[in-house]
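In what follows, a single structure is set out as structure tokens and then discussed.
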Amino acid sequence: MTVNQTTGTVYVTNFDNDMVSVINGQTNTVTAASRSGRTDGVAVNPSTNTIYTANPGDGTVSVINGQNNHGDRHHPAGSGVATE
């Protein structure tokens, strides 16, 4: 889970269904879900409103646009994607 401190949006990975839930931090309601892959970690860049997820199942990193909450692309990260 991570929070964009600039927008107050919360991002929670859902390992079982390959989705990231997008939650309005003020109302605590799920506002969107974005397909990202077999996610095991999530981070946000508040300056660019970009969300990154580590997908160790297929060795990729997903990039989600925080303005529309769409997963834009998957980038190869090689084997052993580390999450922390």
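If we sort 5-17, 59-71 on the protection proxy, mean other Cβ atoms within 10 Å, highest first, what's the order? Please list the in-between numbers first.
Values: 5-17: 14.8, 59-71: 17.2.
Ranked by mean Cβ neighbours within 10 Å, highest first: 59-71, 5-17.
Here the contact order of the chain, divided by its residue count and restricted to Cα pairs under 8 Å and six or more residues apart, works out to 21 percent.
Sorting 2, 53 by the number of Cβ atoms found within 10 Å of their own Cβ, with the fewest placed first, yields 2, 53.
Counting 0.36 nm for each residue step from residue 47 to residue 26 and taking away their Cα separation leaves a gain of 5.6 nm. The modelled label-to-label distance between residue 35 and residue 58, using points 7 Å beyond Cα along the C-beta direction, is 0.9 nm.
We did not get these values from a lab; they are worked out from the coordinates using the rules stated. Small disclaimer: the values here were computed from a predicted structure and weren't measured. Neighbour counts run over all protein chains shown; Cβ positions are idealised from the backbone, glycine included.
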